[in-house]
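K.L.:
Please find one structure pasted underneath; my questions will follow.
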Amino acid sequence: MSKVEEFLTEKEERDIVEAICAAELNTSGEIRVHIEKHTEKSVMDRAKEVFYMLNMDKTKAQNGVLFYVGVEDKKFAIIGDKGIDAMVEDDFWESIRDTISTAFKKKDFAGGLIQGIINTGLKLKQYFPFQDDDVDELPNTISKG
Ligand code: CA
Ligand code: CA
């Protein structure tokens with residue numbers, strides 16, 4: 001886990017995008033993944049910055065969720081916007097973090113992110129079910145910094 005380009009294979013990237021698309025078929029929520037090399041800031045501060053940079057604070061129902069990975073820093077963070085954060089149990093984000101962390105320790109980066117996306121999607125579905133007039137407010141592609 002050092003270079004952004006080597007962090008995931010092309011197939012793994014496709015699988016992640018597919019997981020985001022699949023999750024968003026069930027919810028109005030918006031999931032994004034951002035991968036970058038390094039930040040001087042704390043991982044949480046940087047993830048929040050990226051959250052705003054990607055306009056993830058602008059969803060109508062405030063239900064955007066960002067998975068941020070700092071490849072060289074070997075750190076990741078999950079940010080859920082106010083709408084979803086207000087609904088979930090106190091330990092929800094921690095449980096997602098644990099799931100990802102367990103996979104990352106086995107160097108299963110794609111598997112960890114995909115499981116995190118699936119679990120987040122199920123929770124989003126519970127509180128923000130898909131609407132017939134739903135708009136894909138944020139691209140499902142992986143963002144790289
Ligand atoms: Ca949507
Ligand atoms: Ca989307």
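K.L.:
On the Cα set of region 3-144, report Rg and Dmax in Å, please.
P.N.:
13.9, 42
K.L.:
Identify the residues of region 22-45 with backbone N under 14 Å of a label point that sits 7 angstrom from the Cα of Asp85 along the Cα-to-Cβ direction, or state none.
P.N.:
44-45
K.L.:
Whenever you get a sec, line up Thr39, Thr99 from highest to lowest accessible area (probe 1.4 Å, protein heavy atoms).
P.N.:
Details: Thr39 20, Thr99 45 Å².
Largest accessible area first, the list is Thr99, Thr39.
K.L.:
Sticking with this structure for a sec: So, in nm, how far is label Val43 from label Glu18 when the simple model puts each one 7 Å beyond its Cα toward the Cβ?
P.N.:
With each label point 7 Å from Cα toward Cβ, the separation is 2.7 nm.
K.L.:
Could you work out the pair-distance distribution P(r) of region 31-85 from its alpha-carbon pairs, with 10 angstrom bin width and percents rounded to whole numbers?
P.N.:
Calculated P(r), rounded to whole percents: 27, 55, 17, 1.
K.L.:
Cα centroids of region 89-145 and region 7-50: how far apart, whole angstrom?
P.N.:
Taking the Cα centre of each part, region 89-145 and region 7-50 sit 8 Å apart.
K.L.:
Continuing with the same structure: Taking all protein chains as present, what is the carbon and sulfur share of the accessible area of the chain, in % to the nearest whole number, probe 1.4 Å? Please report the intermediate quantities before stating the final value.
P.N.:
Working: 3890 of 7720 Å².
On the chain, the fraction of accessible area on carbon and sulfur atoms equals 50 percent.
K.L.:
May I pose another question? Helix-derived [θ] at 222 nm for the chain: sum -39500 (n - 2.57) over DSSP H runs of at least 4, divide by residue count, nearest 500?
P.N.:
Value at 222 nm, helices only: -14500 deg cm²/dmol.
K.L.:
How far is it, in nm, from the label point at Asn119 to the one at Ser95 when both lie 7 Å from their Cα along the line to the Cβ?
P.N.:
0.8
K.L.:
Assuming 0.36 nm per residue, please report the length gained on full extension of the stretch Tyr127 to Thr102 beyond their Cα-Cα distance.
P.N.:
Contour length minus Cα-Cα distance gives 6.4 nm.
The values are calculated or read from the model by the stated rules, or taken from the named source; none is laboratory data. Values in this document were obtained by computation on a predicted structure and should not be read as measured data. All Cβ positions, even for glycine, are placed from backbone atoms using ideal geometry, and neighbour counts span all protein chains on display. Note: areas computed on protein heavy atoms with side chains; ligands, DNA, RNA excluded. Shrake-Rupley method; radii C 1.70, N 1.55, O 1.52, S 1.80 Å.
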